[in-house]
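Novice: The following block contains the structure, expressed as structure tokens.
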Amino acid sequence: MSEQEFYVHETAVVDNGCTIGKGTKIWHFSHIMPECRIGERCNIGQNVVVSPQVVLGNNVKVQNNVSIYTGVICEDDVFLGPSMVFTNVINPRSAIVRRDSYQETLVKKGASIGANATIVCGNALGRFCLIGAGAVVTKEVPDYALIVGNPGRQIGWVSEYGHRLNFNEDQLAVCPESGQEYKLDGNSVIRIK
């Protein structure tokens, strides 16, 4: 891919062997390592590290000071807030090499992770979920779930626009911004319109 198809700030480092999509922007002091795949129209903020074999879909927004470690996969339209943290080993030790113990973390389409949140590896974050600032996610997150606190706990549901959903007696809710309709079915939310 030619450099004209994406932007790299002069202070950023992009290693050989990575794939970067059209319209992506990589800002000051960031490091993109080999064998990672970054989709189209992504924005990689200042002081970001993207490790080998990381996959970022299209339109992923990575704010400043985020390290995305091997084992992380972000689908399209994911938002990673400032200084949020991924892990990739459950039991790290300085004196023990655990490169063969990396665990996968899947961040599904449209999910947003707030500033300073921590995502413990080996979990999947559901479609359009919203992880609050400073939350510590230690388990799977359902689609549309609103997670806050340490350890992270679910306190509600959000729309694809990020608005809190208030369900009526028929287990239906409408997003105030988009008019989209949602149904609560047990411990899951389904967009119906």
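Novice: Would you confirm, using the coordinates I've provided, whether residue 127 is over 24 Å from residue 146 (Cβ atoms) and not aliphatic (A, V, I, L, M)?
Specialist: no
Novice: Looking at the stretch 50-100 only, could you name the residues that are basic (Lys, Arg) and over 12 Å from the mean Cα position of the chain (by Cα)?
Specialist: Listed by number, the residues that qualify are 93, 98, 99.
Novice: Taking only the stretch 166-193 into account, find how many residues are within 24 Å of the chain's Cα centre (by Cα), in a loop (DSSP other than H, G, I, E, B) and more than 20 Å from residue 77 (Cα to Cα).
Specialist: The total comes to 1.
Novice: Does the stretch 146-165 hold any residues that are aromatic (Phe, Trp, Tyr) and outside any loop (DSSP other than H, G, I, E, B), and which are they?
Specialist: Within the stretch 146-165, 157 is the sole residue that qualifies.
Novice: Among the residues of the stretch 83-128, how many are out of contact with any strand residue (DSSP E or B) (no Cβ under 8 Å at 6 or more places or on another chain) and of a type in the set (A, V, I, L, M, F, W, C)?
Specialist: Count: 6.
Novice: May I pose another question? For residues that are under 13 Å from residue 63 (Cβ atoms) and either of a type in the set (Phe, Trp, Tyr) or not in a loop (DSSP other than H, G, I, E, B) (or both), tally how many sit in the stretch 27-48.
Specialist: Qualifying residue count for the region: 3.
Novice: If you don't mind, there's one more thing I want to ask. Among the numbered criteria (1) farther than 16 Å from residue 78 by Cα; (2) of a type outside the set (Lys, Arg); (3) surrounded by fewer than 21 Cβ atoms within 10 Å (Cβ to Cβ), which one does residue 135 miss?
Specialist: Only one criterion is unmet by residue 135, namely (3).
Novice: In the list 120, 148, which residue meets the criterion of being within 24 Å of residue 172 (Cα to Cα) and among the hydrophobic types (A, V, I, L, M, F, W, C)?
Specialist: That would be 148, the only listed residue that is within 24 Å of residue 172 (Cα to Cα) and among the hydrophobic types (A, V, I, L, M, F, W, C).
Novice: Further question: Going by the structure shown, is residue 131 of a type in the set (Val, Ile, Thr) and touching a strand residue (DSSP E or B) at 6+ places or on another chain (Cβ under 8 Å)?
Specialist: yes
Every read-out reported here was derived from the displayed coordinates using simple, explicitly stated rules and does not represent laboratory data. It should be emphasised that the depicted structure is a prediction, and the values quoted were computed from it without experimental measurement. Heads up, the Cβs are rebuilt from the backbone with ideal geometry, glycines too, and the neighbour counts pull from every protein chain shown.
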